[in-house]
1. Counting just the residues of segment 139-162 that are farther than 18 Å from residue 108 by Cβ and touching a strand residue (DSSP E or B) at 6+ places or on another chain (Cβ under 9 Å), which one comes out surrounded by the most Cβ atoms within 10 Å (Cβ to Cβ)?
2. Please specify each residue of segment 11-33 satisfying the condition of being within 14 Å of residue 205 (Cα to Cα), in a loop (DSSP other than H, G, I, E, B) and either within 13 Å of the chain's Cα centre (by Cα) or free of Cβ contacts under 8 Å to residues at least 40 places away in the same chain (or both).
3. Within segment 193-245, considering only helices (runs of 4 or more DSSP H) that don't extend past its boundaries, which have at least 3 residues that are in contact (Cβ under 8 Å) with a residue 24 or more places away in the chain and either in contact with a strand residue (DSSP E or B) (Cβ under 8 Å, 6 or more places away or on another chain) or closer than 23 Å to residue 148 by Cβ (or both)?
4. Is there any pair with a first residue in segment 141-162 that is free of Cβ contacts under 8 Å to residues at least 12 places away in the same chain and a second that is in a helix (DSSP H, G or I) and surrounded by 20 or more Cβ atoms within 10 Å (Cβ to Cβ) whose Cβ atoms are under 8 Å apart and which are 6 or more apart or on different chains, and what are they?
5. I'd like the full set of residues that are out of contact with any strand residue (DSSP E or B) (no Cβ under 6 Å at 6 or more places or on another chain) and farther than 12 Å from residue 28 by Cβ, limited to segment 48-66.
6. Taking the conditions exactly as written (under 26 Å from residue 32 (Cβ atoms) and surrounded by fewer than 22 Cβ atoms within 10 Å (Cβ to Cβ)), does residue 136 satisfy them or not?
7. Could you check segment 71-102 and list, in sequence order, the residues that are over 20 Å from residue 9 (Cα atoms) and either in a helix (DSSP H, G or I) or touching a strand residue (DSSP E or B) at 6+ places or on another chain (Cβ under 8 Å) (or both)?
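We did not get these values from a lab; they are worked out from the coordinates using the rules stated. Because the structure is a prediction, the values reported are computed rather than measured. Cβ sites come from the backbone with ideal geometry, for glycine too, and all protein chains shown count toward neighbours.
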């Protein structure tokens, strides 16, 4: 029996690399896909030496929709697990005034990930097995003035994953939605995050790996976020729209 393989999309992110470590440690071969993927050459060498697995690098741009079918068909083998860590936070104030910036956020967080998952969903469905893991965000659970462009793109992705999970439920293909909450990464370097409810990339990677193994549907990396978001979702709109959240 051949080894199982995990494909990491958006592999240059902190969360992506932490997730790759957990699967590599478990003996999975790893396919790393990202823009400027050659920058991951050192990770390829380190993974292969440390874990005695095969690692391949693949150029991938989420917003180049026309390239997605070719990308999927060019992989050396169809993976067993795909983790989509593609995402752009952007700057709310700038993107409110610049439609191209806003479009890039929406396409990077929603359109691109949805496109590539639709392609792999059909391939997995035909095979009758596989796991698709989408990293979304608690920001998508209710729109806030401070990040509604990012949040709305993640809301779209969350609903997409829910619908895809429903579609594939009887096909042997599992779909997981990951809601990390605050995570200390390069993307959040300039944001002051509350330490008590901020996760580390390693925690997210571990949660993703465990969710795949246990076939969990929706993952709040820090359980406190399930409670926080339940409260936020239930604040009456008349009150919520006046709050500076």
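1. Filtering first and then ranking leaves 141.
2. The answer is 11, 12, 13.
3. Because the criterion is at least 3 residues that are in contact (Cβ under 8 Å) with a residue 24 or more places away in the chain and either in contact with a strand residue (DSSP E or B) (Cβ under 8 Å, 6 or more places away or on another chain) or closer than 23 Å to residue 148 by Cβ (or both), the helices (runs of 4 or more DSSP H) in segment 193-245 that meet it are 201-214, 224-233.
4. none
5. Scanning segment 48-66 gives 49, 50, 59, 61, 62, 63, 64, 65, 66.
6. Here the answer is no, as residue 136 does not meet what is asked.
7. Correct list: 92, 93, 94, 95, 96, 97, 99, 100, 101, 102.
This table checks each residue for (1) surrounded by 14 or more Cβ atoms within 10 Å (Cβ to Cβ); (2) more than 24 Å from residue 167 (Cα to Cα); (3) in contact (Cβ under 8 Å) with a residue 12 or more places away in the chain; (4) touching a helix residue (DSSP H, G or I) at 6+ places or on another chain (Cβ under 7 Å).
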{"position": "65", "(1), (2), (3), (4)": "yes, no, yes, yes"}
{"position": "68", "(1), (2), (3), (4)": "yes, no, yes, yes"}
{"position": "84", "(1), (2), (3), (4)": "yes, no, yes, yes"}
{"position": "100", "(1), (2), (3), (4)": "no, yes, no, no"}
{"position": "122", "(1), (2), (3), (4)": "no, no, no, no"}
{"position": "126", "(1), (2), (3), (4)": "no, no, no, no"}
{"position": "129", "(1), (2), (3), (4)": "no, no, yes, no"}
